[in-house]
Amino acid sequence: MSFLRFGYVTGPTIGALWLFILATTVSITMSFATGDPFRPSLVISLVLGAVVGAVAAMEMSKKIRIAIIAAVAFLPTLVGFGPMVMESTAFSQGFAALALALVLGWSMVAIMKEVPIGPLTRHEMEEAWIRFLTGFGYIFFTAIVLIPFYVMVMTSLKSQSALLQNPLDFSLELDKGWALFRSYHELFRDFNFGTYMWTSFFVSVLTVIITLAFSIPGAYAVARLRFRGQKAFSRSVLLIYMVPMIVLALPIYIAFSITGLRNTVIGIVLIYPVTTIPVALYMLQGYFRGLPAEVEEAGLMDGLNRLQVIWKITLPLALPALASVSLYVFMIAWNEFLLAFMLLDDPSKFTLTRGVAMLNSSEIPREHLMAGAVIATVPVMVLFLGLEKFMTKGLTAGSVKG
Amino acid sequence: MSVVSPPKGQGPLEKREARLAWSLLLPTIATVSLVVILPLLAIFWISFKPIGLADLRPPAPVLRESLRGSGDEMRIEYRLRNSSQDTEISEVTIRDTWPESLILTGDLPAGCALEGSVFSCDLGTLEPGYNERLRVPVMLADGVDEDTAEEAAEGTEPEVRGEADSILTNSEFTLENFSRVFDGDEFWTVMGVTIFYTVFGTVGALLFGLFAAMLLNKSFRGQGILRGLYLFPYVAPVIAVAFTWVNLFDPFSGSANALLVQMGVTIEAINFFGQRPLALIMVTVFEIWRYFPLSFLFILARMQSIDTDMYEAADMDGASPFQKFWYLSLPMLLGILSVLFLLRFIWTFNKFDDIFLLTGGNAGTRTLTVNVYEQAFAVSNIGAGAAVAVVIFACLLAFSFFFFRFISREEGL
């Protein structure tokens, strides 16, 4: 790769790739925003990009380089012979070209920061490439995460026939006002989604409570107390945590059919905690191990017994861990689909995920399905974003399950 | 002089501690074994049984009582039916309490008796598909009109009992389920799909997670927001994101297809989830998309705990950025990467919901777990489904052997 170690090779190479990436990004963004055709042009992008990359490595003041690059990208795009081809209103065309030019100018100069046009040291070359890859990474990950969620929300607000005409047109008819939310309104009015939400909430909260009630003593015993079989026990917890749900779902279905627990919310509340207890136990025991044993021993010396020590010392110290475990268990229970799908048939007892699954039929318009998806997603997202710190901690505390 | 030696065996304190530990663990052990161990045993049992979805309800006698006729020609009719078309029910008995207003006028049917107000029958064995009426002639007591009598007669539920051979508990065993599962090419196709999905899904999620973690392993404004954003796919309910993907890649009204056509990548719309081998690639991509946040989170946590001194020393020695990554970061991350690989491998292998929601196992995406559902519920052959589940469980045991062999040191278990 020694030929890359010249500013006049690295600069144009990065520039060509970068302009193409940016042109694609701006095209996709503008297509999703306006519904009009925008597309990158591969050859022109690569050629112009090479020029731009070379300019960025020149020895000139930063502002002049940005201005030159922006002009090189902006003018051809506007006359229809640039890195981006578009057919839209004059305003959006101008906006797209300007956005592309400014972002390109600024980012290209930033990527080629302190990279001379002549021979490069290994450091300079690698750092330029790393900045390029970083920029690409931000765009790439943000796009792949945002696009599905954007489509989900927008589809729920549009009618199916409008989308069939132009699947890219997500522009909202804002003059419709509250009628935009028609599909949400209908879900709550005709499809009982209020009840489903309440059932899901109720089931999830109960699952959290039951799970904690079982896993706190268990985790404490595994983490703190010495007994024969401790190691075997913590291993089997992990092993149970690996048994696939579908394997268990079959006998559970049979047992519930025979005992009449199928199609009852009680049956669901009985079965959910069992799927979460091993996870919670595994997470909590890791946390309890990290707590200083000396504090507990001091409590024991002062005359508390073990149960009092757990109640008065360990649990208050473990509150953050309890919060993250509760959040995580709530998330699992709220998102659970397989058991709800297999065990519930009666529409009056559905959980939210089961209710959304019911909407997946050809007779129900798709905006209803997507509105259902939004309704199921928003509560966990709100909870998650509000308590992100607990959540990330809880996720890394030993749960790799999904 | 007595020699002081450490005590042998368990002392009383130690015993008390162990007792407490077991009593704290007891509720968990009891429930988990009830819902995990028992079903696992049941799966083994069922996998050797010729049992379909319809056999779950054991055959039972079904009885209906009604008061028919008018005036002097009144009769009580018991309509008795065997719910099964192919299993006989033995020792069938009926018990019913008659109201005072009914008086027996004629002969009782064979096997029946009336003692006071208790009417009972012993009917012996019902043939498969049995469906007959037992008629008992009665008249009304004085001053009772027909409607109240009917109400009184039909108000008391008659009891009916019978013994039937349930396929779940009898001693009929078969190896047919397993031979059906392993039969022909289908099993190896399913196995191949499972391995492709698992290997590429796991490796892809790890690589993307590593890339994302490197992006965010520096502090800048908006880092927290991006970190939260990148976790979205993992936190959202699978049902919501799976249906969104199906919508997004729909061949007729999907935005992805419209975008590709517009960009000139393809001329015709592509049926992403409906054709081989694209469907399999798409479900694998979905798996990577949904689970890269998890690897990202773990790798980032590990990265942030690496000592920065090491990098400073490397800077002094003139190491380039790629060298620092290759010779310093990567070896430090190897532990968490291998743990993640094994755990994710097992859980991807076990994954069911994603594929089930995206393609339903069609278009060459049927993995082992989807096959369990397919056999048990779509083909209604619970026995065959259980046999597939047993195969999955065997694979799982093999994986966990590796896990504990190589990974337990990392995890401290």
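The values are calculated or read from the model by the stated rules, or taken from the named source; none is laboratory data. All values derive from a computational prediction rather than experimental measurement. Heads up, the Cβs are rebuilt from the backbone with ideal geometry, glycines too, and the neighbour counts pull from every protein chain shown. The protein model used for the area step is the full one, side chains on, heavy atoms only, and it has no ligands, DNA or RNA in it. Shrake-Rupley method; radii C 1.70, N 1.55, O 1.52, S 1.80 Å.
For (1) open to solvent by 40 Å² or more (accessible area, probe 1.4 Å); (2) under 18 Å from residue B:153 (Cβ atoms); (3) in a loop (DSSP other than H, G, I, E, B); (4) assigned by TED's automatic domain parsing to the domain that holds residue B:149, each residue gets a yes or a no:
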residue: B:85; (1), (2), (3), (4): yes, no, yes, yes
residue: B:99; (1), (2), (3), (4): no, yes, yes, yes
residue: B:110; (1), (2), (3), (4): yes, no, yes, yes
residue: B:114; (1), (2), (3), (4): yes, yes, no, yes
residue: B:124; (1), (2), (3), (4): no, no, no, yes
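Tell me yes or no: at least one residue of the range B:69-83 is within 30 Å of residue A:253 (Cα to Cα), of a type in the set (S, T, N, Q) and open to solvent by 50 Å² or more (accessible area, probe 1.4 Å).
Scanning the range B:69-83, I find at least one residue that is within 30 Å of residue A:253 (Cα to Cα), of a type in the set (S, T, N, Q) and open to solvent by 50 Å² or more (accessible area, probe 1.4 Å), so the answer is yes.
Look through the range B:1-37, keep the residues that are β-branched (Val, Ile, Thr) and open to solvent by 50 Å² or more (accessible area, probe 1.4 Å), and return whichever of them is nearest to the chain's Cα centre (by Cα).
This residue is B:37.
Determine which single condition residue B:135 fails, assuming it passes every other condition in (1) out of contact with any Cys (no Cβ under 9 Å at 6 or more places or on another chain); (2) within 21 Å of residue B:70 (Cα to Cα); (3) not in a strand (DSSP E or B).
Only one criterion in (1) out of contact with any Cys (no Cβ under 9 Å at 6 or more places or on another chain); (2) within 21 Å of residue B:70 (Cα to Cα); (3) not in a strand (DSSP E or B) is unmet by residue B:135, namely (3).
Name the single residue that is farthest from residue A:380 (Cα to Cα) among those in the range A:276-329 being open to solvent by 50 Å² or more (accessible area, probe 1.4 Å) and of a type in the set (Asp, Glu).
A:302
Scan A:67, A:16, A:73 and give me the residue that is surrounded by fewer than 18 Cβ atoms within 10 Å (Cβ to Cβ) and either away from chain B (no Cβ under 14 Å) or in a helix (DSSP H, G or I) (or both).
A:67
Of all residues in the range A:224-252, which are more than 8 Å from every other protein chain (Cβ to nearest Cβ) and buried (at least 16 other Cβ atoms within 10 Å of the Cβ)?
A:224, A:236, A:237, A:241, A:249
Could you tell me how many of the residues in the range B:168-220 are open to solvent by less than 40 Å² (accessible area, probe 1.4 Å) and part of a loop (DSSP other than H, G, I, E, B)?
3
Could you pull out the residue among B:359, B:369 that is more than 10 Å from every other protein chain (Cβ to nearest Cβ) and touching a Phe, Trp or Tyr at 6+ places or on another chain (Cβ under 8 Å)?
B:359
Only one of (1) facing chain A (nearest Cβ under 10 Å); (2) small (Gly, Ala, Ser); (3) open to solvent by less than 20 Å² (accessible area, probe 1.4 Å); (4) part of a helix (DSSP H, G or I) fails for residue B:253. Which number is that?
Result: residue B:253 fails condition (4) only.
For residue A:199, all conditions in the list (1) more than 14 Å from every other protein chain (Cβ to nearest Cβ); (2) more than 30 Å from residue A:358 (Cα to Cα); (3) β-branched (Val, Ile, Thr) hold save one; what is the number of the exception?
Single failed check for residue A:199: (2).
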